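The structure appears right after this line, and notes come after that.
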Amino acid sequence: MEDSVIPFLEKTLQRIPSSSLKSILSEWGFLSAEQLQDLHFQQSKHILHNKVLAFCEENGMRIRHVIQLDMIYNCEYPNKRNWSVYQFSGQEDDALVLNMTEFSQKFKVNLKDLLRHVSIGMKKCEDDAVWIRVAWGDNFTKPNQFKPTYVVYQLQTPYVFISNLNVKHRPLLSQALVIATKHDEIKEIQLRGRCLKSLKDLVLRRYKQSFQTYQPKPLQERHCPERDQGIVHEHAKRLADLKEVATQTFGDGPLPKLETAVFKLETKFKDPENRILTNRPEPFRCAVKFSSPSFLESLKSLVTLGVASTPVSPLLSSIPQKARNHFVISERGPGVPSTPAP
């Protein structure tokens with residue numbers, strides 16, 4: 001085996017949860033049925049990993065085999081990564097009839113023409129998405145398999161989802177993607193998160209808001225003293241009104257999962273009592289970041305409980321419709337920052 005294969009395989013195995021190791025190794029298909037049966041998955045991970053390493057060395061494992069295992073793991077656990085969404089524009093007439101084989105060939109040829117040492121792996125998933133793994137080298141060093149870029153291209157759509165792409169490699173990946181997908185341009189749309197499914201739901205409009213007026217059901221009367229009836233009815237009406245506002249704003253179904261929302265302020269400071277900042281020629285800059293395991297659901301709950309003020313600011317309520325969670329607020333109003341192609 002190549003010297004770099006063993007540490008690469010060890011790191012890949014360490015990331016795989018014990019509960020999924022058996023199914024992922026079976027899908028990988030590199031180990032024989034007899035070897036899989038000989039593995040005792042109740043053993044400690046250290047012992048189990050050493051046995052897998054021994055079997056792989058016995059089978060003559062190569063780098064390409066570990067790349068396949070790494071791709072299976074990332075397809076199974078996409079939320080372990082941070083994703084940024086990019087959008088193509090200026091498509092050719094036959095761009096929508098692009099198939100997997102044509103896309104794969106064009107992408108690999110163009111990227112390898114631009115860079116001498118680059119490792120490319122591809123895998124098509126059930127939801128018509130092409131997963132691409134790119135390990136970058138240069139004209140003198142071999143690809144670094146430990147820090148790959150992952151690309152998920154949704155066939156027949158203008159959207160691509162990219163993880164772990166540095167500035168140096170953006171122009172190279174951009175050119176390869178644009179040519180392979182038969183488009184003119186690609187740009188980031190300022191939508192980022194860890195939940196890949198939610199990002200897809202937002203840009204592909206799989207998530208549909210419901211703006212139906214909520215009609216609260218009559219609450220069952222409780223036997224309370226007469227003097228408390230007014231308080232009970234007032235409280236019930238308040239909760240019903242808040243729930244109706246939350247439903248009209250965010251819909252009555254599950255919301256896409258976004259972990260953050262970032263607003264950057266770039267406007268003139270306006271305060272007659274603070275002339276030092278008001279008279280500055282350059283804009284006043286600051287950033288506000290909201291964080292939560294599921295930001296939109298948390299915001300909806302705050303509205304329902306009466307913690308957040310209503311009506312909800314359009315800066316927050318419009319996030320699902322705009323499919324954005326990074327904004328710049330300037331003198332011209334809220335928008336998104338201009339960014340170069342990936």
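The values are calculated or read from the model by the stated rules, or taken from the named source; none is laboratory data. All values derive from a computational prediction rather than experimental measurement. Every residue, glycine among them, receives a Cβ derived from its backbone with ideal geometry; neighbour counts consider all protein chains shown. Quick note on the areas: whole protein, heavy atoms, side chains included, nothing else; ligands and nucleic acids left out. Shrake-Rupley method; radii C 1.70, N 1.55, O 1.52, S 1.80 Å.
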Taking the Cα centre of the stretch 23-120 as origin, work out the dipole magnitude from +1 charges on Lys and Arg Cβ and -1 charges on Asp and Glu Cβ, in debye rounded to 20.
-> 420
Given the chain, longest segment not containing exposed loop GluC sites (Glu not before Pro) (DSSP; at most 11 other Cβ within 10 Å) = 127-220
If the cut-off is a Cα-Cα distance under 17 Å, which aspartates and glutamates reach Lys147, setting aside same-chain residues fewer than 8 apart in sequence?
-> Glu10, Asp70, Asp138
In whole Å, what is the distance between the alpha-carbon centres of the stretch 5-80 and the stretch 117-170?
-> 21
Using a 1.4 Å probe, how large is the accessible area of Tyr159, given in Å² and rounded to the nearest 10?
-> 40
Quick one: pull the percent of accessible area on the chain belonging to carbon and sulfur, 1.4 Å probe, ligands and nucleic acids left out.
-> 52
Would you mind checking the tilt of helix 45-58 against the longest principal axis of the Cα atoms of the chain, expressed as 0 to 90 degrees and rounded to 10?
-> 40
Kindly express, to the nearest 10 degrees and within the range 0 to 90, the angle between helix 295-305's C-alpha long axis and the longest C-alpha principal axis of the chain.
-> 20
Once you treat every alpha carbon in the chain as an equal point and sum by Debye, what is log10 I(q)/I(0) at q = 0.07, 0.08, 0.09, 0.14 Å⁻¹?
-> -0.45, -0.56, -0.68, -1.17
Heavy-atom accessible area ranking, 1.4 Å probe, most first, across His49, His117 | His117, His49
Selected from Pro17, Pro311, Pro272 as most flexible by GNM, with the chain as the system and alpha-carbon contacts under 10 Å | Pro272
Kindly report, to the nearest 10 Å², the accessible surface of Trp131 as traced by a 1.4 Å probe over protein heavy atoms only.
-> 10
Roughly how much of Thr267 is accessible, in Å² to the nearest 10, using a 1.4 Å probe?
-> 30
Which whole-number value in Å³ per residue fits the convex hull of the alpha carbons of the stretch 239-315?
-> 115
Mind grabbing the base-10 log of I(q)/I(0) for the stretch 59-172 at q = 0.15 Å⁻¹? Debye formula, identical points on the C-alpha positions, no solvent, two decimal places.
-> -0.70
With every protein chain kept in place and a 1.4 Å probe, the chain has an accessible area per residue in Å² of 57
Holding the Cα-Cα limit at 20 Å, pick out from Lys106/Lys182; Lys51/Lys124; Lys112/Lys168; Lys123/Lys200; Lys112/Lys182; Lys11/Lys80 the pairs that are longer than that.
-> Lys51/Lys124
Only helices counted: for the chain, with every DSSP H run of 4 or more residues adding -39500 (n - 2.57) and the sum spread over all residues, [θ] at 222 nm is -12000 deg cm²/dmol
Rounded to the nearest 20 Debye, what is the dipole magnitude of the chain about its Cα centre when Lys and Arg each give +1 and Asp and Glu each give -1 at the C-beta?
-> 720
